[in-house]
Each structure stands twice: as C-alpha cells, then as structure tokens.
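A short write-up of the structure that comes next.
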Amino acid sequence: MTPEPSAGPRSTAETPGRVRVRAVYPGTFGPFTPGHFNVVNRARDLFDEVVVLVAVNSSKHPGTDEEERAAAVRAILPVEWTSVTVAAWSGLTATYCRRHHAGVIVRGVRNTTDLQTEYQLAAMNQSLGVPTVFLPAQPELAAVSSTVVRTLGK
C-alpha cells in the first residue's frame, strides 16, 4: 500500500461556500527559532492565512523592539509563503484578532510546562471570543527555546 500524497494548502476556490480562516501565531520571537519556523509551516497547511504576530511581552527581554524582530522574521520566511504575513503588535492578541478578522490563535507547545501556561492564555482568549489551537513541537525541536538560542548566541 502506498501512502497518499499530501493535499497541501487548501484552496477556497475549489470549495464553494467555505469560510476562509485567518490564524494568528503570536510570540515575542526574540529570536525566531527553528521551532517557530516549523509551527508556521505546519499552520500554513491548516489555515488559509497565517499572521506571525510579533508581540511585546513585558516579562520577556528579547533585546530588540517588535519592529526589528518583525523585520527579522520576514527575512527568514520564504517569499513563496504568500499566505503568511508578519505584523508587529503591542496590545492583546485577542484584540488584534478581532480587528483583523482572525478566527483562531495558534500556539506551539514544547512540554507540559508550556502547555499549562498556554492553557491559561487559551482560556482567557476563548473568553474574549478567540479559540486557540495547540501544535505540539516536533521532538527534535522541543528543547530549543528563544532563551536558549539567545544565551548560546552571547
């Protein structure tokens, strides 16, 4: 038995009446890691559009402002990924989603600690009207965090 080929990204032109779904993948991305890249790539297969939302998080210290980090993310993403955009944002993710008609938040989780934290954020965002989809990290990328990459880069 041969495996079925991947369907790849869906086209709404082929599915009349189907609602397009814009997803938002928020994070500080200081820096953007191979794990982040992997989540964006996988989200492209699930949603019509993906916005990488480079956000401000007062508890994190990425070393550069959100505009600089957004430019760095844009430089990393392949130009042929036309369904992926990058935006800088300093407010609540749910507010961005409502203003830009995004139907879902995408979050990557590396371990149970991430899941506990992300679950709390997801509950808050759900109460604000925006559901969250969790994508577990690929095993070979689970140990890589922005903090580790920053620390090793010094």
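The values are calculated or read from the model by the stated rules, or taken from the named source; none is laboratory data. Everything numeric in this text was worked out from a predicted model, so none of it was measured. In this analysis, Cβ positions are derived from the backbone assuming ideal geometry, glycine residues included, and neighbour counts consider all displayed protein chains. Note: accessible area is taken over every heavy atom of the protein model, side chains too, but ligands, DNA and RNA are not part of it. Shrake-Rupley method; radii C 1.70, N 1.55, O 1.52, S 1.80 Å.
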### Task
State the number of residues belonging to region 126-141 that are in a helix (DSSP H, G or I) and open to solvent by 50 Å² or more (accessible area, probe 1.4 Å).
4
### Query
Which condition does Glu80 not pass, out of (1) among the charged types (D, E, K, R); (2) farther than 19 Å from Tyr96 by Cα; (3) modelled with pLDDT under 95, if it passes all the others?
(3)
## Note on the structure
Within region 72-90, the residues that are part of a loop (DSSP other than H, G, I, E, B), out of contact with any Asp or Glu (no Cβ under 9 Å at 6 or more places or on another chain) and open to solvent by 40 Å² or more (accessible area, probe 1.4 Å) are Val79, Glu80, Thr82
### Summary
If you go through Thr64, Thr28, the only one that is within 11 Å of the chain's Cα centre (by Cα) and either exposed (fewer than 12 other Cβ atoms within 10 Å of the Cβ) or modelled with pLDDT under 95 (or both) is Thr28
### Query
Could you give every pair whose Cβ atoms fall below 7 Å, whose first residue belongs to region 80-97 and is free of Cβ contacts under 8 Å to residues at least 60 places away in the same chain, and whose second residue is of a type in the set (Lys, Arg), counting only separations of at least 6 or pairs across chains?
Trp81/Arg44; Val84/Arg44; Val86/Arg74
### Message
Being of a type outside the set (Val, Ile, Thr) and open to solvent by less than 40 Å² (accessible area, probe 1.4 Å): is that true of Ala94 here?
### Response
yes
### Residue count, region 46-61 (criterion: at pLDDT below 95 and either closer than 22 Å to Pro136 by Cβ or surrounded by 15 or more Cβ atoms within 10 Å (Cβ to Cβ) (or both))
3
### Task
Report whether or not Thr112 is within 14 Å of the chain's Cα centre (by Cα) and open to solvent by 70 Å² or more (accessible area, probe 1.4 Å).
no
### Query
If Leu115 passes every condition in (1) within 20 Å of Pro31 (Cβ to Cβ); (2) modelled with pLDDT under 95; (3) part of a helix (DSSP H, G or I) but one, which one does it miss?
(1)
